[in-house]
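Below is one structure, written out as structure tokens; comments come after it.
The values are calculated or read from the model by the stated rules, or taken from the named source; none is laboratory data. For clarity, every value in this text was computed on a predicted model and none was experimentally measured. Cβ placement follows ideal geometry from the backbone for every residue including glycine, while neighbour counts extend to all protein chains displayed. When the accessible area is computed, the model is the full protein with side chains, heavy atoms only, and any ligands, DNA or RNA have been set aside. Shrake-Rupley method; radii C 1.70, N 1.55, O 1.52, S 1.80 Å.
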Amino acid sequence: MDLVWKIAFSQIKGLKIEQARQLIARLGSEEAFFTASENALKALCCMRNDVFEASSRYKLLENARREAEFITRKGVVPIYFTDGDYPWRLAECADAPLMLYAVGQRGISWNKVISIVGTRNATAYGAGFVKKLVQELASMVDGLVVVSGLAYGIDIIAHRAALEAGVPTVAVLAHGLNTIYPSAHRSTAVEIAKGGGMLVSEYMSDAVVHKGNFLTRNRIVAGLCDCTLVAESAEKGGALVTAHLANCYNREVFALPGRVSDKYSIGCNRLISSNEAVLVNSAEDILQCMNWSERQAGCSQPQLPLAVMTPEQENVAEYLSAMPDGASLNQICASLGMPVHAVSAIMFDMECNGVVTALPGSRYALL
């Protein structure tokens with residue numbers, strides 16, 4: 001029943017962590033909040049609030065009981081703000097959620113945490129930079145954790161780069177853990193949960209996918225981290241919101257510069273020019289700015305030998321080398337005179353070997 005009290009208490013609208021601590025200190029426990037009379041609550045808290053009404057508290061408890069059943073049935077891990085493994089960086093944020101719902105590795109070592117965010121319409125430039133950066137950071141520092149939002153574009157590229165580099169990655173969802181959105185990223189979500197990472201959400205399982213939730217969850221993406229990197233962003237977008245929140249939390253913000261003519265570099269260039277972000281060219285820039293100690297030489301992760309390309313793969317690589325913005329699968333097929341099924345198999349092998357990167361719209365670019 002203790003879990004039910006905590007879930008219900010965490011769902012009180014507008015209740016911040018500091019207020020929650022004060023309220024529990026006055027009442028003695030979450031249970032006391034739901035068992036006290038309405039008049040007693042009003043007198044103790046010296047205020048009027050609709051949530052003090054018995055009917056409102058009863059509704060919170062009913063919802064909490066259903067959620068507790070879901071948690072038990074699905075193996076979801078509830079992380080309450082008073083728990084020892086509640087992420088301490090997030091706990092410092094005034095608007096942090098009282099409860100997190102997680103699937104995956106609960107005991108993540110929140111040592112060196114970077115959130116990587118950006119546009120859904122990632123270009124070859126942004127995708128290539130993120131992959132290289134994560135690989136370099138993973139080889140240079142211990143305890144790296146990569147956080148993002150599992151969305152299309154830069155988010156999913158960052159998660160997959162972390163998985164490939166063998167470092168934990170945390171996906172902050174904008175909905176309950178009874179589903180995965182977008183569904184196309186379900187397999188990656190499973191890899192994250194099974195590969196030492198975590199899927200985390202502040203929403204109960206019955207919460208629907210709502211547009212406003214995606215902006216709200218950005219505060220968690222920013223709050224979990226030591227620093228935030230905006231890889232690519234148009235003039236407006238959720239990545240810029242995350243950067244603003246990170247600045248408000250006194251976290252370092254980095255941005256990848258781009259050409260002034262590139263639509264998805266406008267936001268990054270503006271962050272840099274307004275001194276809201278530090279220009280980043282490489283992993284070394286982040287290490288120096290964050291004062292992260294580099295792993296000693298000789299202790300780095302072993303590098304796999306480069307795969308030898310087949311003649312067909314070499315032809316594809318040569319074609320893509322002249323296409324800086326990438327090419328679609330159909331364009332590659334038409335240019336090389338090969339059937340779709342053959343090119344699809346070639347592209348899959350080349351992506352696994354780190355030769356090409358997949359872009360939205362079935363497009364590929366050379367790394």
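For the pair residue 284 and residue 310 in one chain, pulling the backbone fully straight at 0.36 nm per residue adds 6.0 nm over the alpha carbon distance.
With both partners inside region 151-301, how many of the DSSP beta bridges are antiparallel, as a percent to the nearest 5? In region 151-301, DSSP labels about 0 percent of beta bridges as antiparallel. As an exercise, use a Förster radius of 45 Å and the Cβ-Cβ distance of residue 40 and residue 210 to find the FRET efficiency, rounded to the nearest 0.05. For R0 = 45 Å, the calculated efficiency reads 0.80. Among the trypsin sites (Lys or Arg not before Pro) found in region 183-282, those both in a DSSP coil and sparsely packed, with 15 or fewer other Cβ atoms within 10 Å of their Cβ, are 236, 259. Using θ = phi - 60° in the Karplus curve 6.51 cos²θ - 1.76 cosθ + 1.60, the 3J(HN,Hα) couplings for region 253-260 round to 10, 10, 9, 8, x, x, 5, 5 Hz; x is entered for Gly and Pro. Using a 1.4 Å probe over the heavy atoms of the protein chains, calculate the carbon and sulfur portion of the accessible area of the chain as a whole percent. Carbon and sulfur: 52 percent of the exposed surface of the chain.
For the chain, the number of Lys pairs separated by eight or more positions or lying on different chains, with C-alpha atoms closer than 24 Å, is 24. Overall, the chain carries a charge dipole of about 940 debye about its Cα centre when +1 sits on the Cβ of Lys and Arg and -1 on the Cβ of Asp and Glu, all other atoms neutral.
Rolling a 1.4 Å probe over the heavy atoms of the protein chains gives the chain an accessible area of 48 Å² per residue.
Along the Cα→Cβ direction, 7 angstrom out, place labels at residue 193 and residue 259. What is the inter-label distance in nm? For residue 193 paired with residue 259, the spin-label model returns 4.2 nm. Taken along the Cα-to-beta-carbon direction at a fixed 7 Å, the label points for residue 273 and residue 248 span 2.5 nm. Comparing Cα centroids, region 91-106 and region 1-71 end up 18 angstrom apart. For the chain, averaging the sequence separation of C-alpha pairs within contact (under 8 Å, six or more residues apart) and dividing by the residue count gives a relative contact order of 14 percent. At full extension, residue 88 and residue 16 could sit 24.4 nm farther apart than now, given 0.36 nm per residue minus the alpha carbon distance. For a Förster distance of 56 Å, can you work out the FRET efficiency between the beta-carbons of residue 321 and residue 50, rounded to the nearest 0.05? That pair, residue 321 with residue 50, gives E of 0.30. Packing here is the average count of other Cβ atoms within 10 Å per residue, and on that basis the peptides 62-68, 339-345, 7-13, 111-117, highest first, run 111-117, 7-13, 62-68, 339-345.
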